[in-house]
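Since the structure comes first, as structure tokens, the remarks are kept for the end.
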Amino acid sequence: MGNVEQLFCEICRDFSDVKYTITPITEMVKNVSFTYNKKAAKCTGCDSEIFVPEIHDENLEARLAAYHTNVL
């Protein structure tokens with residue numbers, strides 16, 4: 001049996017199994033429209049997003065790269 005990752009969910013107030021999602025997000029910054037894939041960790045109990053610093057950093061990098069691709 002595989003290992004299931006559990007993280008603390010602030011809504012459930014307990015450690016919960018996590019599912020990872022990828023959602024395309026389109027944003028407009030300085031009149032430049034761009035799309036990037038946002039990763040998220042979601043609680044399987046209540047489906048709320050759980051903050052994970054590493055995923056947050058990846059999303060910032062993906063957002064910046066998508067923006068620069070459309071500016072240059």
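The values are calculated or read from the model by the stated rules, or taken from the named source; none is laboratory data. Bear in mind that the values here come from a model prediction, so they are computed numbers and not experimental data. When we count neighbours, we look across all protein chains shown, and the Cβ atoms used for this are built from the backbone with ideal geometry, even at glycine.
Of all strands (runs of 3 or more DSSP E) completely enclosed by the chain, which ones contain at least 3 residues that are of a type in the set (Val, Ile, Thr)?
Once the strands (runs of 3 or more DSSP E) in the chain are filtered for at least 3 residues that are of a type in the set (Val, Ile, Thr), what remains is 14-29.
Looking at 39, 19, which is the one that is in contact (Cβ under 8 Å) with a residue 24 or more places away in the chain, under 12 Å from the mean Cα position of the chain (by Cα) and either at negative phi or surrounded by fewer than 14 Cβ atoms within 10 Å (Cβ to Cβ) (or both)?
19
Consider only pairs whose beta carbons are under 7 Å apart and that are at least six residues apart or on different chains; among these, list those whose first residue lies in segment 55-72 and is closer than 14 Å to residue 26 by Cα and aromatic (Phe, Trp, Tyr) and whose second residue is modelled with pLDDT of 95 or more and surrounded by 11 or more Cβ atoms within 10 Å (Cβ to Cβ).
Cβ pairs passing all conditions: 67/34.
Yes or no, residue by residue, for (1) in contact with a strand residue (DSSP E or B) (Cβ under 7 Å, 6 or more places away or on another chain); (2) at pLDDT 95 or above; (3) not aliphatic (A, V, I, L, M):
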residue: 4; (1), (2), (3): yes, no, no
residue: 27; (1), (2), (3): yes, yes, yes
residue: 32; (1), (2), (3): no, no, no
residue: 58; (1), (2), (3): yes, yes, yes
residue: 71; (1), (2), (3): yes, no, no
